[in-house]
Amino acid sequence: MWEQEYEQRQRRLAPLQNNPEWKEWLSDQDIGLAHFFKNVVTDMPADPYSRDGLRHAEAAALRIFPDVDAANPDKSPENNVIIDPFQRYIGEVFVRNFEGRWIYEDSSPEYGPEPCVEVPYAEVTLVVRPLLIRLVERGRGSLLASAFDAQQEVYEQWVKHGRPAYPQWADIEERLVDEGVL
């Protein structure tokens with residue numbers, strides 16, 4: 001069951017990875033991150049790609065964006081010079097900590113294809129765009145840190161079980177959930 005769904009998803013995603021707009025966005029990752037650290041959130045902790053870094057970025061986002069529309073590139077395109085680096089940073093934390101990779105996915109009919117983070121132990125991707133918007137909408141931190149904690153828990157179990165490929169991992173994960181481990 002899992003294998004067939006996984007294979008179908010991979011076939012659906014493959015053509016999107018060659019989209020020129022996506023390739024251009026991805027090639028600007030280092031520039032976007034440098035902009036984030038130099039101009040958007042300049043006082044990050046020693047290890048910015050950590051849970052502490054995310055908590056720091058959450059606090060900064062709540063100071064920078066006065067309301068939810070200001071954090072939404074569709075409502076405030078003039079803020080994309082800040083929004084895009086924030087999204088790049090958030091996703092990159094998950095890429096670096098959980099063996100993830102950036103992919104282009106059509107995850108929402110509302111937005112169309114957008115940058116997402118795929119981790120090898122999950123069928124669903126981390127869609128970065130709504131995380132920043134939800135954080136500002138909530139008006140308090142801990143959303144990103146909570147997402148990090150949840151990923152950390154599953155990631156550690158995945159590593160403990162030998163990093164099985166996703167379709168095989170799904171069965172193990174299901175058993176761990178039934179046993180109350182996850």
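Residues in the stretch 37-80 that are among the basic types (Lys, Arg) and assigned to a helix (DSSP H, G or I): Lys38, Arg51, Arg55, Arg63.
The number of residues in the stretch 49-80 that are over 16 Å from Val136 (Cβ atoms) and touching a residue at least 40 places away in the same chain (Cβ under 8 Å) comes to 4. From the list Asp171, Asp149, the lone residue that is among the acidic types (Asp, Glu) and within 30 Å of Ile64 (Cα to Cα) is Asp149.
A count restricted to the stretch 107-141 and to residues that are within 15 Å of Trp25 (Cβ to Cβ), part of a helix (DSSP H, G or I) and among the charged types (D, E, K, R) stands at 1.
Whether a residue is closer than 22 Å to Pro77 by Cβ, without any contact (Cβ under 8 Å) to a residue 60 or more places away in the chain and either exposed (fewer than 15 other Cβ atoms within 10 Å of the Cβ) or among the polar types (S, T, N, Q) (or both) was assessed, and Ser146 does not pass this test.
The set of residues from the stretch 90-106 being surrounded by fewer than 20 Cβ atoms within 10 Å (Cβ to Cβ), in contact with a strand residue (DSSP E or B) (Cβ under 9 Å, 6 or more places away or on another chain) and assigned to a loop (DSSP other than H, G, I, E, B) comprises just one member, Asp106. Among the residues in the stretch 116-125, are any aromatic (Phe, Trp, Tyr), under 20 Å from Tyr104 (Cα atoms) and free of Cβ contacts under 8 Å to residues at least 60 places away in the same chain? Yes: one or more hits. Examine the stretch 100-113 for a residue that is in contact (Cβ under 8 Å) with a residue 60 or more places away in the chain, out of contact with any Cys (no Cβ under 9 Å at 6 or more places or on another chain) and on the phi < 0 side of the Ramachandran plot, and state whether such a residue exists. Yes, there is a match, as at least one residue in the stretch 100-113 is in contact (Cβ under 8 Å) with a residue 60 or more places away in the chain, out of contact with any Cys (no Cβ under 9 Å at 6 or more places or on another chain) and on the phi < 0 side of the Ramachandran plot.
Among the residues of the stretch 142-161, none qualifies, meaning not one is assigned to a loop (DSSP other than H, G, I, E, B) and within 17 Å of Arg11 (Cα to Cα).
Condition first: at pLDDT below 95, of a type in the set (D, E, K, R) and out of contact with any Ser or Thr (no Cβ under 7 Å at 6 or more places or on another chain). Can you find one or more residues in the stretch 33-42 that meet it? Within the stretch 33-42, not a single residue is at pLDDT below 95, of a type in the set (D, E, K, R) and out of contact with any Ser or Thr (no Cβ under 7 Å at 6 or more places or on another chain). Pairs meeting the criteria (first residue in the stretch 28-39 and free of Cβ contacts under 8 Å to residues at least 60 places away in the same chain, second residue of a type in the set (Gly, Ala, Ser), beta carbons under 9 Å, at least 6 apart or on different chains) are Phe36/Ala57. The single condition among (1) over 18 Å from the mean Cα position of the chain (by Cα); (2) of a type in the set (Asp, Glu); (3) over 28 Å from Arg12 (Cα atoms); (4) surrounded by 13 or more Cβ atoms within 10 Å (Cβ to Cβ) that Glu78 does not meet is (4).
The values are calculated or read from the model by the stated rules, or taken from the named source; none is laboratory data. None of the values given here were measured: they were computed from a predicted structure. Every residue, glycine as well, gets a Cβ built from its backbone with ideal geometry; the counts of neighbours run over all protein chains shown.
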